[in-house]
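J.: One structure coming up, written as structure tokens, with questions to follow.
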Amino acid sequence: MAAVVIDGKAAALRVREEVRERVLVLREKGVIPCLGVILAGEDPASLSYVTAKERALEEAGMASRDIRLPADTGEAALLSHIALLNGDPAVHGILVQLPLPASIREDRVIAAIDPQKDVDGFHPVSVGNLVLGKRGFAPCTPQGVVTLLREANIPLAGAHAVVVGRSNLVGKPLMNLLSRREFNATVTLCHTGTRNLARYTQQADILIAAAGKAGLITADMIREGAAVIDVGVNRVPDLTAKKGYRLKGDVDFEGVAQRASVITPVPGGVGPMTIAMLLRNVVQAAEDTAIQH
Ligand code: NAP
């Protein structure tokens, strides 16, 4: 069997179109959804992520409030920027690009964001709401995974989903999302303490790899006909590539595609969905405040 390859770019474009339509409705009411974006330091990767997010916001008809701070910014100064954004009714969401300079405590900064503006879904209140099954913002990459699964018509209810990776960014929120009643999957969460990983992955109807280890999941580790979602993005050296490396997922794509029913590529799978979900969270935050006023 050769798997159907899920086109994450196309799925993300559909979400972005839906967001654009919701933005138009808000704009007619005089509301321009706006994301406050804080970048501290000059890390080139962070700068390129932030630039991509701001471009996507603009394309969707939304605004951004760009705050660029030098690498030696203190925690108190950063917190005061967050307080200003929290108190600004024209700003609907707040994003602090991570990682922060080493002198700043990330958990302090995240906890300072108004949960109603926490479009990244990292605030402890957002995490709590996700665990409790209450309304709130969920992190973008896990939301992107669930949206891709739904778009590809993969049945979730009653399915056994095996998640490899337990980070706060991907694995744990995925576990909480998939096991919500609305999705109703049975979830197994694996990590480096898991004895005999293959024993679990072979039982998966849906296998989600989020370990950050290139080629970790091989064909012998999956069940024939499983749906395989590859969250991993790993740089592997490749002297034939212009940059000296190429991006590879956690899944051995060529081998696994022979056994899976559907599979996501890297790049072009989960990646494009992450920004699309951020846009969706921002428009949601703006809609929520528009309803309150
Ligand atoms: P992370 O914080 O490093 O967490 C990796 C998790 O995988 C950990 O829980 C770790 O277990 C587990 N793990 C590592 N090696 C393993 C192995 N051999 N067997 C079983 N479990 C293993 O990474 P992350 O932030 O979750 O990101 C994971 C991957 O997704 C990375 O490649 C990252 O670049 C990618 N990512 C992509 C997007 C996107 O938009 N496409 C977004 C976010 C992340 P322990 O807890 O035991 O250490």
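J.: Between R55 and Q202, what length comes free when the chain is fully extended (0.36 nm per residue of separation minus the Cα-Cα distance, one decimal in nm)? Let's see the in-between values first.
T.: On the way: separation 147, 0.36 × 147 = 52.92 nm, distance 4.05 nm.
That works out to 48.9 nm of additional length.
J.: Sticking with this one: What distance in nm separates the simple spin-label points at R235 and R150, each placed 7 Å from Cα in the Cβ direction?
T.: Going by the 7 Å Cα→Cβ label model, 3.5 nm.
J.: I would also like to ask the following. Per the helix-only calculation at 222 nm, which mean residue ellipticity applies to the chain, given -39500 (n - 2.57) for every DSSP H run of n ≥ 4 and division by its residues, nearest 500 deg cm²/dmol?
T.: Values: 10 runs with 117 residues, N = 293.
Estimated from H runs of four or more residues: -12500 deg cm²/dmol.
J.: For Cα pairs less than 8 Å apart in space and 6+ apart in sequence, what is the mean separation divided by the residue count of the chain, i.e. the relative contact order in percent? Walk me through the numbers on the way to the answer.
T.: Working: 587 pairs, mean separation 67.3, N = 293.
For the chain, the relative contact order is 23 percent.
J.: In a GNM of the chain with a 10 Å cut-off on Cα contacts, which of I222, I275, I104 has the highest mean-square fluctuation?
T.: I104
J.: With the contact rule set at Cα under 8 Å and sequence spacing of 6 or more, what percent relative contact order holds for the range 194-248?
T.: On the way: 74 pairs, mean separation 17.9, N = 55.
Across the range 194-248, relative contact order equals 32 percent.
J.: Determine the percent antiparallel among the DSSP beta bridges restricted to the chain, to the nearest 5. Before the final figure, lay out each step's value.
T.: Details: 4 of 33 bridges.
In the chain, approximately 10 percent of DSSP beta bridges are antiparallel ones.
J.: Sticking with this one: Between K9 and K213, how high is the FRET efficiency from 1/(1 + (r/R0)^6) when r is the Cβ-Cβ distance and R₀ = 22 Å? Nearest 0.05. Mind showing how you got there, number by number?
T.: On the way: r = 24 Å, r/R0 = 1.10.
In this case the efficiency is close to 0.35.
J.: Moving on. Running a GNM on the chain with Cα contacts under 10 Å, which residue among A60, A76, A214 ends up with the highest mean-square fluctuation?
T.: Maximum fluctuation in the GNM of the chain, among the listed residues, is at A76.
J.: Follow-up question, since we're still on this one. Net charge around V131, counting only other residues with Cβ within less than 12 Å of its Cβ (Lys, Arg = +1; Asp, Glu = -1)?
T.: Values: positive: K134, K172, R180; negative: none.
With Lys, Arg at +1 and Asp, Glu at -1, the neighbours total +3.
J.: Show me the three semi-axes of the equivalent ellipsoid for the range 118-184, from the C-alpha gyration tensor (sqrt of 5 times each eigenvalue), largest first, rounded to whole Å. Before the final figure, lay out each step's value.
T.: Values: eigenvalues 73, 29, 26 Å².
So the three semi-axes of the range 118-184 are 19, 12, 11 Å.
J.: My understanding is that a pair violates if its Cα-Cα distance is over 28 Å; which of K172/K213; K29/K172; K134/K213; K117/K248 do that in this structure? Write down the numbers at each step before the final one.
T.: Details: K172/K213 17 Å; K29/K172 37 Å; K134/K213 33 Å; K117/K248 33 Å.
Beyond 28 Å: K29/K172; K134/K213; K117/K248.
J.: Same structure, new question: For the chain, which longest stretch is free of loop sites, where a loop site is one of the trypsin sites (Lys or Arg not before Pro) that DSSP puts outside H, G, I, E and B and that has at most 13 other Cβ atoms within 10 Å?
T.: Values: sites that count: K29, R105, K134, R135, R181, R195, K242, K243.
Answer - 30-104.
J.: Run the Debye formula on the Cα coordinates of the chain, all scatterers equal and no solvent, and tell me log10 I(q)/I(0) at q = 0.07, 0.11 1/Å.
T.: Results for the chain at q = 0.07, 0.11 Å⁻¹ read -0.27, -0.68.
J.: List the extent of the Cα atoms of the range 1-153 along each of their three principal axes, largest first, rounded to whole Å.
T.: Principal-axis extents of the Cα atoms in the range 1-153, largest first: 54, 42, 35 Å.
J.: If exposed means no more than 14 neighbouring beta carbons inside 10 Å and the site is in a DSSP loop, what's the longest run of the chain without any exposed GluC sites (Glu not before Pro)? All intermediate terms of the calculation are to be shown ahead of the outcome.
T.: Details: sites that count: E42, E182, E224.
Here the longest run is 43-181.
J.: How much length is gained on full extension from D88 to T194, taking 0.36 nm per residue of separation minus their Cα-Cα distance?
T.: Numbers: separation 106, 0.36 × 106 = 38.16 nm, distance 4.58 nm.
Difference between extended and current length: 33.6 nm.
J.: What FRET efficiency comes out for the pair D72/E182, r = Cβ-Cβ distance, R0 = 41 Å, nearest 0.05?
T.: On the way: r = 45 Å, r/R0 = 1.11.
Given R0 = 41 Å and the Cβ-Cβ separation, E is 0.35.
J.: Per 5 Å bin from zero, what fraction in whole % of the C-alpha pairs of the range 165-293 is there, up to the bin with the longest pair?
T.: Using 5 Å bins, I get a P(r) of 2, 10, 16, 20, 19, 13, 8, 5, 4, 2, 1, 0 for the range 165-293.
J.: Once the principal axes of the Cα atoms of the range 31-121 are found, what is the range along each, listed largest first in whole angstroms?
T.: Cα extents, longest axis first: 36, 28, 20 Å.
Quick note: the coordinates plus some simple rules give every number you see, no bench work behind them. Because the structure is predicted, anything quoted here is derived from the model rather than measured. Glycine gets a Cβ as well: all are built from the backbone with ideal geometry, and neighbour counts include every protein chain shown.
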